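Worksheet: the structure to be examined is printed underneath.
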Amino acid sequence: MDMNEIKEIFFQECEEQLAELESGLLKMNDGDRDPETVNAVFRAVHSIKGGAGAFGLDDLVAFAHVFETTLDCVRSNKLEPNQDVLKVMLKSADVLADLTNAARDGGSVDESRSRGLVKELEALANGELPSPSASAEAPAPKAAAKPAPAAAAPAAKPTDDSGFQPVPFSFDDFGGEGDAGAEVPTFEITFKPRYELYSKGNDATLLLRDLSRLGEMTIYCNSDELPGLDELDPEGAYFFWNVTIKTDKGEDAIRTVFEFAEWDCELTVKPVEDARAEAASNDELPMVPVPFDLSILDESGASEDVSGAAAAVAAAEIASNVTQMAAAAARVEKKESAAAAAAAASAAAAQNNAAAAGQTIRVDLDRVDRLINLVGELVINQAMLSQSVIENDTTGTSSINMGLEELQQLTREIQDSVMAIRAQPVKPVFQRMSRIVREIADMTGKSIRLITEGENTEVDKTVIDKLAEPLTHMIRNAVDHGIETPEKRAAAGKNTEGTVRLTAKHRSGRILIELADDGAGINREKVRQKAIDNDLIPADSNLSDEEIDNLIFLPGFSTADKISDISGRGVGMDVVKRSIQALGGRINITSKPGHGSVFTMSLPLTLAVLDGMVVTVAGQTLVVPLTAIVETLQPEAAAIHSFGANHRLISIRNSFCPLVDVGRILNFRATQANPVEGVALLVESEGGGQRALMVDAIQGQRQVVIKSLEANYTHVPGIAAATILGDGRVALILDVDAVVGASRGQSLKAEMSLAAVG
């Protein structure tokens with residue numbers, strides 16, 4: 001693996017860390033003060049900083065270091081994370097993301113904004129803003145800036161399997177110890193590694209040697225937790241160290257030594273006065289620690305003059321001490337060794353199972369796409385093979401038929417498994433909307449809160465990749481047009497802080513995404529008048545509330561009184577409509593004046609395959625998506641009723657439903673067919689209610705591979721896509737919503753272009 005591949009992995013991990021950072025900050029903004037949430041936020045910035053330092057990304061490291069310092073003040077309860085503090089931190093998270101993207105793609109970042117946030121973060125750390133209690137601690141974060149280069153050193157250390165054997169390593173570039181004096185502070189440190197520390201190639205001895213450079217140090221190795229020999233886990237971590245050190249470098253410099261191992265060990269650092277007071281309040285007598293030979297931490301141990309024999313002697317001494325301590329512990333604990341061994345084995349097995357359950361791999365998306373395409377071709381060939389056998393074998397009981405049934409089941413399982421690989425939660429897209437809300441709220445001077453629900457709802461990655469643009473336009477529209485100013489909200493008796501709610505959920509084989517706001521709702525009179533003024537509708541149009549609401553999707557439509565950076569140019573909601581339709585989805589609006597609006601997008605879970613009902617209409621073969629079909633029925637003459645000149649209704653369980661002749665709508669035939677001679681498909685569409693689609697016959701239910709018409713031919717009104725059937729013929733996949741919309745009086749072309757009654 002070359003350096004470019006390693007760097008790409010780092011940036012992929014940065015995306016995950018940035019998502020974790022924003023998620024944690026939003027939780028804190030909602031009042032979450034769980035220490036683990038704060039630690040997760042700190043770890044995210046810390047990890048980005050550490051990786052960026054390894055690749056020499058100085059701008060990213062410098063900003064992350066200041067951000068991390070301020071977060072450390074929050075973590076140590078020196079800074080209260082109130083709304084003002086978190087507002088600065090959320091903006092800092094945005095800049096951190098910009099710096100990461102610039103480092104990856106070679107772009108640039110607004111330096112004035114980043115410098116301004118650096119000053120705000122430093123002010124917070126110095127206690128100059130919300131928390132006066134932080135002022136006394138201000139020098140500490142600055143002290144950490146000097147030894148910061150040492151933070152990258154552990155990442156370059158070679159792995160040593162011995163665990164305790166010192167490895168020759170030069171630290172000459174990091175300077176000497178501080179000046180001795182009578183007033184040098186003393187700290188007591190407890191350093192207790194976990195097994196993860198050794199499994200990642202870290203060495204406790206090297207960390208202790210780095211620590212010894214900070215000042216005069218006394219160290220003891222504590223073996224209280226060492227089990228008997230028959231219970232000893234070779235990969236376990238049983239020793240820990242009690243250290244007393246005199247240093248003028250400060251607590252931050254001590255913690256910097258353990259920076260890359262902090263999450264794989266238990267570390268406490270206390271000034272000697274605090275540690276002694278805590279010990280005095282503890283009634284239990286501490287165990288007598290074993291003295292640790294500091295000679296192995298001596299500077300000479302890292303010099304080039306050390307001979308191999310001397311290193312071997314040092315290693316032998318350590319091994320001998322370990323063996324002696326293990327034997328002593330074995331004699332003390334021997335009487336329950338069998339039970340302890342069984343418990344240890346059980347715990348190890350559980351740990352291995354847990355680790356195995358959480359294992360993941362990174363796969364290039366192009367490889368997954370190729371696999372999906374091949375599986376799609378497999379589905380088509382399997383259908384062709386089945387069709388051929390059916391046409392040439394009338395018995396239906398041959399071994400070939402049985403084998404084909406098994407092949408069909410296996411193909412379906414492979415298809416589902418491959419699609420599950422591409423399934424991704426919508427969380428990354430939702431988190432991106434948080435930044436947009438903050439930016440537009442700042443530009444408009446409004447106070448707005450974004451609430452997200454169903455972030456872990458999964459959908460095909462191709463759908464996720466194309467969701468960002470329409471959602472961005474909808475968020476901007478909701479914040480700019482939907483939510484009122486704080487003054488207007490207060491006058492209306494509302495909370496001055498507006499709310500935008502973004503929700504995702506599964507329903508009937510599709511994903512529903514709702515964007516709701518508690519703003520003023522759609523001003524229908526203003527919308528209608530704007531459409532008339534722009535010659536988008538006739539002045540004498542008699543439109544329902546739903547039709548007026550859908551006017552905002554017309555190209556060139558805008559209710560903004562003046563053009564701004566946010567809106568007013570008539571570009572936005574028509575883009576949303578086209579983007580959603582390109583995904584095979586539909587969008588619906590419900591609005592209540594004074595209470596807000598709800599935009600509902602219904603999208604397919606995948607753009608690769610679908611389960612459909614194959615039907616015949618006027619000699620043409622069509623596929624109707626199974627998720628849209630409620631039921632099928634054979635109309636009877638007594639259930640058919642005429643309505644007006646050209647409309648018919650069908651009676652279904654004491655209710656009437658419009659009957660739609662699909663062949664007539666699609667211009668497959670010039671006159672309406674006799675409903676009694678066909679089959680009715682009761683379908684449900686977003687905003688259109690139920691309709692009974694009349695077809696000539698049903699051929700059967702199949703899983704079909706979606707082939708885009710727009711990519712391979714051109715857009716066809718009323719048709720969503722195409723597929724290849726088992727006999728090799730091309731069948732068109734019906735756009736149920738377009739057909740339902742056309743049945744309500746609008747032509748297909750008008751339905752697709754104007755979207756006035758969709």
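Since every read-out is calculated from the coordinates, none of them should be taken as a lab result. Source: prediction; values computed, not measured. Heads up, the Cβs are rebuilt from the backbone with ideal geometry, glycines too, and the neighbour counts pull from every protein chain shown.
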Search result, residues across the stretch 649-706 that are free of Cβ contacts under 8 Å to residues at least 60 places away in the same chain, aliphatic (A, V, I, L, M) and not in a strand (DSSP E or B): A670, A673, V676
Condition broken by N77, with the remaining ones in (1) assigned to a helix (DSSP H, G or I); (2) over 18 Å from P428 (Cα atoms) satisfied: (1)
Any chance T503 is in contact (Cβ under 8 Å) with a residue 12 or more places away in the chain and touching a strand residue (DSSP E or B) at 6+ places or on another chain (Cβ under 9 Å): yes
Single unsatisfied condition, V615 versus (1) in contact with a Gly (Cβ under 9 Å, 6 or more places away or on another chain); (2) surrounded by 15 or more Cβ atoms within 10 Å (Cβ to Cβ); (3) of a type outside the set (K, R): (1)
Lone unmet requirement of (1) in a strand (DSSP E or B); (2) touching a residue at least 60 places away in the same chain (Cβ under 8 Å); (3) farther than 18 Å from A731 by Cβ for T606: (1)
Checking G663 against (1) surrounded by fewer than 16 Cβ atoms within 10 Å (Cβ to Cβ); (2) more than 30 Å from T411 (Cα to Cα), the condition it does not meet: (1)
Residue check for S47: free of Cβ contacts under 8 Å to residues at least 12 places away in the same chain and either among the small types (G, A, S) or in a helix (DSSP H, G or I) (or both): no
Restricting the stretch 702-720 to residues that are under 32 Å from the mean Cα position of the chain (by Cα) and polar (S, T, N, Q), the residue that is surrounded by the most Cβ atoms within 10 Å (Cβ to Cβ): Q703
Leading residue by the ranking (nearest to E684 (Cα to Cα)) among those in the stretch 721-736 that are in a loop (DSSP other than H, G, I, E, B) and more than 32 Å from the chain's Cα centre (by Cα): L725
